[in-house]
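Undergrad: Structure provided below as structure tokens; questions to follow.
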Ligand SMILES: NC(=O)c1ccc[n+]([C@@H]2O[C@H](COP(=O)([O-])OP(=O)(O)OC[C@H]3O[C@@H](n4cnc5c(N)ncnc54)[C@H](OP(=O)(O)O)[C@@H]3O)[C@@H](O)[C@H]2O)c1
């Protein structure tokens, strides 16, 4: 039986899970695959750090060069996180003829062009299933299950921390601050939650999904990224009254003009949609293909063992490629041929909108606001005036518009915000017509 040697850089949350599966499941993996997978070397920053899983003595090192560039280790697994030295090590591994598996979405979203070009140039694989939606095999589904399709759209809940916070705000009426503090206490949110709550983590994953679906690698600066920090309990109760649930939704689609529509922001979804029912730390991805129709995948988006499951899946796929006479896999995409779709400007998006105005409670306010909206071709579908108790110095007026252009809406809101009857800035939440 042949053996594939694997070098692991990083033995933290995910790395420990990977080491555990490779070592504890070695026998069953060998039976399933017909070859062995061996943990040859593991690199960490500090040999004395406390660990969830202790590999056998002798394979731990603090020198990544004992893995990267070593001809007897064909597969390098990067699980250290961050941009540097991860970028340098990954590039060096590819240049040395090693295949790379990583879970590092930030690295690929920021340096993907350089890294994928290097993989194409050296004819080596870079696999990153765990970087997109944790345990959910979305990359394998796209490349092995759906290559017959022109992908029309992808939408998803790609961050477990924010989904957990939004679930608590929806079900229990918590404020954002209370839900975040609770998530931090229970280990679902980091001490510095910025990357999650401002949407950057989910946006990095959306970049990777977009690359897989359409062969284009947008930059974060190319599209609208908005986190969940400004959502308030009122938004959740109003959403429920209109039959919606609020989720942090990632969307990318090709518009009829062949432009890429990509955005990441809180969205109101019909409460009956499958995506609206994805709660807690779970993730979900919906893929629409021209031939397959809608495919819905859901599962754990993070955590030691779920993420390790995806990483080990990639290690196995790579080791199968290395077996004599192995049939080549479908490439993740023609990375050599990254497309350059134009990104549709956010101004040109057309959606329905939820608007929350805080106003003084006096006659004529509604007609002043609706007059301005009407002037900008925004028609109102429903209005609810919430209670009369003063809040932020006024009462709350919530509206649902018919489909409208984002530019018109923003222009109208800039005008309504100048009305002296408004006592706080207006809040806007986009409504997604997931069908
Ligand atoms: N955690 C998740 O649920 C999850 C889910 C999906 C993707 N990811 C991605 O997976 C990657 C790893 O995440 P994680 O949560 O496992 O991180 P982590 O717990 O912080 O572990 C990082 C590991 O890398 C080692 N390391 C860091 N810098 C190093 C250096 N310069 N040289 C050698 N070793 C170094 C650390 O060594 P010490 O142990 O000695 O400090 C540690 O073992 C990240 O890219 C993350 O975005 C994580």
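Throughout, read-outs are computed from the coordinates displayed, never taken from laboratory work. This is a predicted model, so every value here is computed, not measured. Cβ sites come from the backbone with ideal geometry, for glycine too, and all protein chains shown count toward neighbours.
Undergrad: Output the 0 to 90 degree angle, nearest 10, between the alpha-carbon long axis of helix 105-122 and the longest principal axis computed from the alpha carbons of the chain.
TA: Roughly 40 degrees, rounded to the nearest 10.
Undergrad: Share of Cα-Cα pairs in the range 111-172 beyond 18 Å, in percent?
TA: On the way: 1097 of 1891 pairs.
Percent of Cα pairs beyond 18 Å in the range 111-172: 58.
Undergrad: Quick one: if the Förster radius is 35 Å, what FRET efficiency do residue 220 and residue 143 give, using the C-beta to C-beta distance and rounding to 0.05? All intermediate terms of the calculation are to be shown ahead of the outcome.
TA: Working: r = 24 Å, r/R0 = 0.68.
Computed FRET efficiency for residue 220 and residue 143: 0.90.
Undergrad: Which value in deg cm²/dmol, rounded to the nearest 500, describes the helix-derived mean residue ellipticity at 222 nm for the chain, given -39,500 (n - 2.57) per DSSP H run of n ≥ 4 and division by the residue count?
TA: Values: 13 runs with 143 residues, N = 435.
Calculated from helices alone, the mean residue ellipticity at 222 nm is -10000 deg cm²/dmol.
Undergrad: Taking 0.36 nm per residue of separation and subtracting the Cα-Cα distance, what length does fully extending residue 294 through residue 326 add? It would help to have the intermediate numbers written out before the result.
TA: Numbers: separation 32, 0.36 × 32 = 11.52 nm, distance 3.17 nm.
Stretched fully, the residue 294-residue 326 segment lengthens by 8.3 nm.
Undergrad: Give the Cα extents of the chain along the principal axes, in whole Å, largest first.
TA: Projected onto the principal axes, the Cα atoms of the chain cover 82, 47, 34 Å.
Undergrad: Rounding to the nearest 10 and keeping the result within 0 to 90°, find how far the Cα-based axis of helix 406-416 lies from the longest principal axis of the chain.
TA: With rounding to tens, the tilt is 50 degrees.
Undergrad: At 0.36 nm per residue, minus the direct Cα-Cα distance, what do residue 424 and residue 38 gain on full extension? Give it in nm, one decimal, please. Before the final figure, lay out the partial values.
TA: On the way: separation 386, 0.36 × 386 = 138.96 nm, distance 6.05 nm.
Difference between extended and current length: 132.9 nm.
Undergrad: Given a cut-off of 15 Å, what percent of all Cα-Cα pairs of the range 45-135 lie beyond it?
TA: Values: 2471 of 4095 pairs.
That fraction is 60 percent.
Undergrad: May I ask you to sort 232, 25 by Cβ crowding, counting other Cβ atoms within 10 Å and putting the fewest first? Show your work: numbers first, answer last.
TA: Values: 232 16, 25 13.
So the residues, fewest neighbours to most, are 25, 232.
Undergrad: I would also like to ask the following. If R₀ is 45 angstrom, what is the calculated FRET efficiency for the pair residue 23 and residue 230, using the beta carbon separation as r and rounding to 0.05? Numbers along the way, then the final one.
TA: Numbers: r = 46 Å, r/R0 = 1.01.
E between residue 23 and residue 230, to the nearest 0.05, is 0.50.
Undergrad: I need the P(r) histogram for the range 87-196: all alpha carbon pairs, bin width 5 Å from 0 out to the longest distance, whole percents.
TA: Spelled out bin by bin, the range 87-196 gives 2, 10, 15, 15, 15, 14, 12, 8, 5, 2, 1 percent.
Undergrad: A follow-up question, please. If every alpha-carbon in the range 346-431 counts as one equal scatterer, what log10 I(q)/I(0) does Debye give at q = 0.21 1/Å?
TA: The calculated log intensity ratios at q = 0.21 Å⁻¹ are -0.95.
Undergrad: Could you give the C-alpha radius of gyration of the range 147-300 expressed as a fraction of 2.2 N^0.38 Å, taking N as the number of residues it contains?
TA: Numbers: Rg = 15.5 Å, N = 154, 2.2 N^0.38 = 14.9 Å.
Compared with the compact-globule rule of thumb, the range 147-300 sits at 1.04.
Undergrad: If neighbour count is taken as other Cβ atoms inside 10 Å, put 298, 155 in order from fewest to most.
TA: On the way: 298 18, 155 23.
Neighbour counts put them in this order, fewest first: 298, 155.
Undergrad: Quote the Stokes-Einstein diffusion coefficient, in whole µm² s⁻¹, for the range 1-51, based on the Kirkwood radius over alpha carbon pairs, a temperature of 10 °C and a viscosity of 1.306 mPa s.
TA: Numbers: Rh = 11.7 Å.
This corresponds to a translational diffusion coefficient of 136 µm²/s.
Undergrad: Does anyone have the angle between helix 176-185 and the longest principal axis of the chain? Alpha-carbon axes, 0 to 90°, nearest 10?
TA: Approximately 20 degrees, to the nearest 10.
Undergrad: Here is a further query. Please rank 197, 77, fewest neighbouring Cβ atoms within 10 Å first, as an exposure proxy.
TA: Values: 197 22, 77 33.
Exposure proxy ranking, most exposed first: 197, 77.
Undergrad: Determine the gain in length on full extension of the stretch residue 407-residue 117; use 0.36 nm per residue of separation and subtract their C-alpha separation, reporting nm with one decimal.
TA: On the way: separation 290, 0.36 × 290 = 104.40 nm, distance 3.69 nm.
Result: 100.7 nm gained on full extension.
Undergrad: Roughly what % of DSSP beta bridges within the chain run antiparallel, to the nearest 5? Let's see the in-between values first.
TA: Details: 51 of 75 bridges.
Restricted to the chain, the bridges split so that about 70 percent are antiparallel.
Undergrad: Between residue 95 and residue 198, what is the label-point separation in nm under the 7 Å Cα-to-beta-carbon projection?
TA: Calculated label separation equals 3.2 nm.
Undergrad: Now for a separate question. Taking the Cα centre of each part, how many Å lie between the range 161-198 and the range 75-100?
TA: Using only Cα atoms, the two centres lie 32 Å from each other.
Undergrad: Can you compute the FRET efficiency between residue 240 and residue 380 using 1/(1 + (r/R0)^6), with r the Cβ-Cβ distance and R0 = 22 Å? Round to the nearest 0.05. Don't skip to the end; give the middle numbers.
TA: Values: r = 19 Å, r/R0 = 0.88.
E(calc), rounded to 0.05, equals 0.70.
Undergrad: So, one more: Please report, in Å, the Rg and the Dmax of the range 230-316, where both are computed over Cα atoms only.
TA: Looking at the range 230-316, its Cα Rg and Dmax stand at 16.0, 48 Å.
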